[in-house]
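The values are calculated or read from the model by the stated rules, or taken from the named source; none is laboratory data. Since this is a predicted model, take the numbers as computed values, not measurements. Cβ placement follows ideal geometry from the backbone for every residue including glycine, while neighbour counts extend to all protein chains displayed. Heads up: the accessible areas ignore ligands, DNA and RNA and are worked out on the full protein's heavy atoms, side chains in. Shrake-Rupley method; radii C 1.70, N 1.55, O 1.52, S 1.80 Å.
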Amino acid sequence: MNKNSSNIMALAPNTPNKKETVCIFGTGDFGRALGHKIIQAGYPVVFGSRSTQTSSLIPKDAEVLSHAEAAQKAAIIIMAIQRQHYNFLTPLAEMLHGKVLVDVSNNLKINQYPESNAEYLAQLVPGAKVVKAFNTVSAWALQSGTLDASRQVFVCGDDMGAKQMVMDIVRALGLTPLDQGSLLAAQEIENYPLQLFPMWKFPILLSLGLTTFFFFYCLTRDVIYPYVYENKDFSFFIVISIPNRICPILALILLALVYFPGVLAAIIQLYRGTKYLRFPDWLDKWMLCRKQLGLVALAFASLHVLYTLVIPIRSFVRWRISSQIISQALNNKTEPLNTTNAWLSDSYLALGILGFFLFVLLGITSLPSVSNNVNWREFRFVQSKLGYLTLILCTAHTLVYGGKRFLSPLSYRWYLPNAYMLSLIVPCIVLVVKFVLVFPCLDKPLTRIRQGWERNPQYSE
Amino acid sequence: MNKNSSNIMALAPNTPNKKETVCIFGTGDFGRALGHKIIQAGYPVVFGSRSTQTSSLIPKDAEVLSHAEAAQKAAIIIMAIQRQHYNFLTPLAEMLHGKVLVDVSNNLKINQYPESNAEYLAQLVPGAKVVKAFNTVSAWALQSGTLDASRQVFVCGDDMGAKQMVMDIVRALGLTPLDQGSLLAAQEIENYPLQLFPMWKFPILLSLGLTTFFFFYCLTRDVIYPYVYENKDFSFFIVISIPNRICPILALILLALVYFPGVLAAIIQLYRGTKYLRFPDWLDKWMLCRKQLGLVALAFASLHVLYTLVIPIRSFVRWRISSQIISQALNNKTEPLNTTNAWLSDSYLALGILGFFLFVLLGITSLPSVSNNVNWREFRFVQSKLGYLTLILCTAHTLVYGGKRFLSPLSYRWYLPNAYMLSLIVPCIVLVVKFVLVFPCLDKPLTRIRQGWERNPQYSE
Amino acid sequence: MNKNSSNIMALAPNTPNKKETVCIFGTGDFGRALGHKIIQAGYPVVFGSRSTQTSSLIPKDAEVLSHAEAAQKAAIIIMAIQRQHYNFLTPLAEMLHGKVLVDVSNNLKINQYPESNAEYLAQLVPGAKVVKAFNTVSAWALQSGTLDASRQVFVCGDDMGAKQMVMDIVRALGLTPLDQGSLLAAQEIENYPLQLFPMWKFPILLSLGLTTFFFFYCLTRDVIYPYVYENKDFSFFIVISIPNRICPILALILLALVYFPGVLAAIIQLYRGTKYLRFPDWLDKWMLCRKQLGLVALAFASLHVLYTLVIPIRSFVRWRISSQIISQALNNKTEPLNTTNAWLSDSYLALGILGFFLFVLLGITSLPSVSNNVNWREFRFVQSKLGYLTLILCTAHTLVYGGKRFLSPLSYRWYLPNAYMLSLIVPCIVLVVKFVLVFPCLDKPLTRIRQGWERNPQYSE
């Protein structure tokens, strides 16, 4: 098989049962793992290496040749070498003319180099067709076959035919190629595997901070205070009772923070009289992590539900209830039904149930496969209308829970109000401002501004 | 840059770092928003407008030219104008020959015009390559960057190369292009953003109607009757007790309605002896919204579970239980364990738990990403076998719940039976008919009919 | 319309409103159903059949011709006939040259023939462009319009243009084409619709076996033992109490079995000093069904949660609690709060809640649409870090639940320990081994081995 024929064959997809030789430059771990897999998929593989001695680690069925010899055998060459060694390719540039070079490299840091590795490769070997692929797959995953995670392989490149050849190999390995467009996408593809939930950092740090604050707040009020004044040991409250105070508080505050930037943005736009000025940076960032804020809030709400539902099987609660009943029985008295209490208790439970139910619905619609199946109008309806309804129900749940205790002096210990009162501040602000914004005198100009109208057209420049 | 070279370059994707000029006709809100975004993505942008004066609203880096001048600068022209103004393009037809025209327009109503806007554009400018895209994206979403919703952009068009160019721009904006095929898909793409959960209308209206009916039914039996005859104020029942009667009733009825059209269809096919006659229209529509009916039923079932699990922490329930215990203690009597009651109580709870568990499983498999990963055989197995098992368990749950009360005269107030008895009518009909259909004497001909056999071949024409 | 012109037109996608004739060979059920649908989508359809008499079952708007005549009318021919009749095509080979042949056939068994039906077709008619498609769609689904299941149609073929034509028809029918690459993928596509949850078989059989074992184990200890020694009838325990013992046991064991193969693999690699030797087959298979094992475990955990939360509304539990309270009241004694009990009870509940919460999180991230949106690093973080945390929490939940009863002789009946003690064996082994593996003296060489290092390079060959 000479160089020309192999090139031609590779580009002619009409030879179904004969697969093209694939060349891999580099016999490191990733190169070998990929080689193994490609051989299993039925492709002949040649390795290009500095030392042409067959190592025992290299798949048996693969040939090991010098870089130049190996390159001649195949129309497609996978670069399983690190970016800092790419310059050895410069003398080979002539020979690589017209070949498909697959850049599989990753960096150690996000945006480590000014240009992506794939673009750097394209500059070094101008005549080659560079395709970025496989960088999101780990050698370990390839070898162990445990591809439980994403089977998606991002592919980008400027030459459609070259991309097609690479995508066929990806499919042959049982993976799913995703065409990400031209080589300009390489930078983003190279950054992708280095991320660790970047959008989740702020919501998680914020909720950790708030959790710590409210933990010590509740500890002071509910454990230390009774210990100091009544010498009662309620230390076991830190296991369920205090978490079950913190969770609803955080759920409510975080849910309100999801809708806070929206009303802030509306105020800013009304004040400026235009939508063509950028929001401050912090507001932009806040708006972008609203989905994550909402999901963290949902997690706290779910924990609150679980903690609440186990209340009747807690040993402490059973003891307290039976003590009350026994003391009533011993005192020979039966209480009549207090209808007001029944109303209050049932109302806050029902509000909580409905609020949680809508919250879960919001969570389900934010699943990627669900939100991809609704259009913009439907998404707005769910996230905005149902979202505000959820916030209203959850706020009402907390207000009714407070009930008559709001103004009772007994609920202040060391001048500290009940923790749930603090949690009401943000949601009440959001709801009041939103309520004001719904009035036509504010809603009308806002709608016009969002449709492109400007109060002072000369103002924006 | 003259007209010819720009055309050639645009079609040659081998110039990685140099992006093609994009022309936008129309300086309205959407045109400007899209222009901003495209400039941010690194493309040069020219606007084509009637008045060539640069407005302060137009992105600074963009040129504003006459339509003809602007069109010459680019190979791709985005039509950010409304359909009713398209006719100004007729004199420019010569100049637009071979250009890629991107139709981004939407209508105000579904199927407003006989042909889609994109097809109309293609008729007006016959030499151009028309591509439909971007109509599912809102100007507001583009500007605020809050693309939490679907990032999918439907693209269709008859020219593969033109479609490719548009899809590259879509990707550069951080959106996901979805190739929907030829320009014939434009009508559907234009209707898409106008929909608001069309398949959900019937299930939601039906459940609202049933909810209203059962609310007043239960109100009469459980609140008004005791008030009239025993002068007891159980008005707080409308908060939890009555919803917790309505939810399971609706869940059961709606779940049965999911499987009703299937048995109806089988009866119709058996009667007609062929599957080649269309079903009546109402049956077709009913069959198409079965998934939505099932999900609404699941929502009611989930609410029922939540309402049931909070029972022990309701103030009324605690009062009732402690009253009973106290009166027993005061009367100095201890009841022995009633094993029959324990059996009944545990059985209906267990049946309910298993039914709900399978119901949630059904719901999970109906998530788009899950149902896309199962084949037809697996989907049938889950939705049909597990579905009927769920219906059987839920019906049995209700029957056992009724237990001995079914025939007790005490459960009839004002001749009204308990509400849950009414809820058993539909599921029992479905289960009995399905049970009859499983017999070989009916199952065999049905299977043959569904494989294409006809009893009276001449009958069908 | 003569043969040549039809061929040319079919390959020219620039004729938007005129759809190409589609030819269907075979007038069986699937052929007719597909024909109906394609006619509805606006394509002219001709049928090729041995007998050219129009049957009443064939759609009215379609022509029925001989195979040769029909083939001449269209550039695309759908083969709605069974593989064993393909050989009638041999004499037509000349006429089918250059046509697009769509193989829609399925087999009765997985890997029934050495080569796929589509490849066999390509061998029989070498000049034709064979495309595999539509085999995952059932005739029944096409006719009844109830495409609730996957709308995905896998398409593969060696000719890009031919594939494109078929994918356009797929889209016109309202289905989603998925390009699976070259014709080599046909074998897998043909096997796909025959599968019934192949990866779930082992987890489900294993859990059925364990369920049976633990059911009789618990029956002996909790129902038969008290009946024999105390003559108490606790037969109703088999409805809720015993399932609520079995579910957590199975959840814990199966969860531990998810992480067991990982530590086994690490031990094997450390022992061998290389990662380049294949694992034993059983370990490979075990590793591949870990996701399914985990989801089955999650199902049991969810049932355990539901069974636990209904405890306070069980008739038996209410009777037991009120008996205790009444006897205390009658004996005129009040117990003080036992803080140790409160701590133990709250701790095991809280550990269970947190463990279940993380378990659900793991389950959500294993949804296809979610795991496709996280990168490898994020997936590893969730499935490994959070997974072990879940296992630790659930094991601790069981340990604390046991509490003081572990060494009490009362918990041994007929020398049988409590069932939950048995469930702790596997998770404790996994956690201890994992804990040992985390020590640097073992972790370091393991990391090096997984990066490709070998202790005895000559050993591996």
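Couple of notes before you dig in:
- In the stretch A:420-461, residue surrounded by the fewest Cβ atoms within 10 Å (Cβ to Cβ) [restricted to those that are modelled with pLDDT of 80 or more and within 14 Å of chain B (Cβ to nearest Cβ)]: A:447
- Pairing each residue of the stretch C:359-374 that is more than 10 Å from chain B (Cβ to nearest Cβ) and open to solvent by less than 50 Å² (accessible area, probe 1.4 Å) with any residue that is among the charged types (D, E, K, R) and in a helix (DSSP H, G or I), provided the two are 6+ apart or on different chains, yields C-beta distances under 8 Å for C:366/C:291.
- The single condition among (1) surrounded by fewer than 18 Cβ atoms within 10 Å (Cβ to Cβ); (2) more than 10 Å from chain B (Cβ to nearest Cβ); (3) touching a residue at least 12 places away in the same chain (Cβ under 8 Å); (4) of a type outside the set (Gly, Ala, Ser) that residue C:284 does not meet is (3).
- Residue B:339 being without any contact (Cβ under 8 Å) to a residue 12 or more places away in the chain and in contact with an Asp or Glu (Cβ under 8 Å, 6 or more places away or on another chain): yes
- Selection count where residues are open to solvent by 20 Å² or more (accessible area, probe 1.4 Å), within 22 Å of residue C:385 (Cβ to Cβ), of a type in the set (S, T, N, Q) and at pLDDT 90 or above, scope the stretch A:190-248: 2
- Residue list for the stretch B:307-317, filter: within 7 Å of chain A (Cβ to nearest Cβ) and assigned to a helix (DSSP H, G or I): B:307, B:309, B:312, B:313, B:315, B:316
- Leading residue by the ranking (nearest to residue A:188 (Cα to Cα)) among those in the stretch B:153-174 that are within 26 Å of the chain's Cα centre (by Cα) and at pLDDT 80 or above: B:170
- Test result for residue A:275, crowded, with 21+ Cβ neighbours inside 10 Å and modelled with pLDDT under 90: yes
- If you go through the stretch A:342-369 and keep only what is in a helix (DSSP H, G or I) and small (Gly, Ala, Ser), you end up with A:342, A:345, A:347, A:350, A:352, A:355, A:363, A:369.
- Residue list for the stretch C:165-178, restricted to those being over 15 Å from residue C:42 (Cβ atoms) and either open to solvent by 40 Å² or more (accessible area, probe 1.4 Å) or not assigned by the TED database to the domain that holds residue C:34 (or both): C:176, C:178
- Only residues that are more than 7 Å from chain B (Cβ to nearest Cβ), of a type outside the set (A, V, I, L, M, F, W, C) and in a helix (DSSP H, G or I) were counted across the stretch A:329-341, and they come to 1.
- Applying the criterion of being open to solvent by less than 40 Å² (accessible area, probe 1.4 Å) and among the aromatic types (Phe, Trp, Tyr) to the residues of the stretch C:302-327, the residue that is nearest to the chain's Cα centre (by Cα) is C:307.
- Test: residue in the stretch A:128-145 that is within 11 Å of another protein chain (Cβ to nearest Cβ), touching a Cys at 6+ places or on another chain (Cβ under 8 Å) and open to solvent by less than 20 Å² (accessible area, probe 1.4 Å): no
- Number of the exception - residue B:293 against (1) open to solvent by less than 10 Å² (accessible area, probe 1.4 Å); (2) among the hydrophobic types (A, V, I, L, M, F, W, C); (3) modelled with pLDDT under 90: (3)
- Of the set (1) under 26 Å from residue B:119 (Cα atoms); (2) in contact (Cβ under 8 Å) with a residue 12 or more places away in the chain, all apply to residue B:223 but (1).
- Of residues in the stretch B:378-387 being surrounded by 17 or more Cβ atoms within 10 Å (Cβ to Cβ) and either out of contact with any Ser or Thr (no Cβ under 7 Å at 6 or more places or on another chain) or of a type in the set (Phe, Trp, Tyr) (or both), the one nearest to the other protein chains (Cβ to nearest Cβ): B:379
- Residues that are aromatic (Phe, Trp, Tyr) number at least 2 in the following helices (runs of 4 or more DSSP H) confined to the stretch A:173-282: A:201-218, A:225-230, A:243-272.
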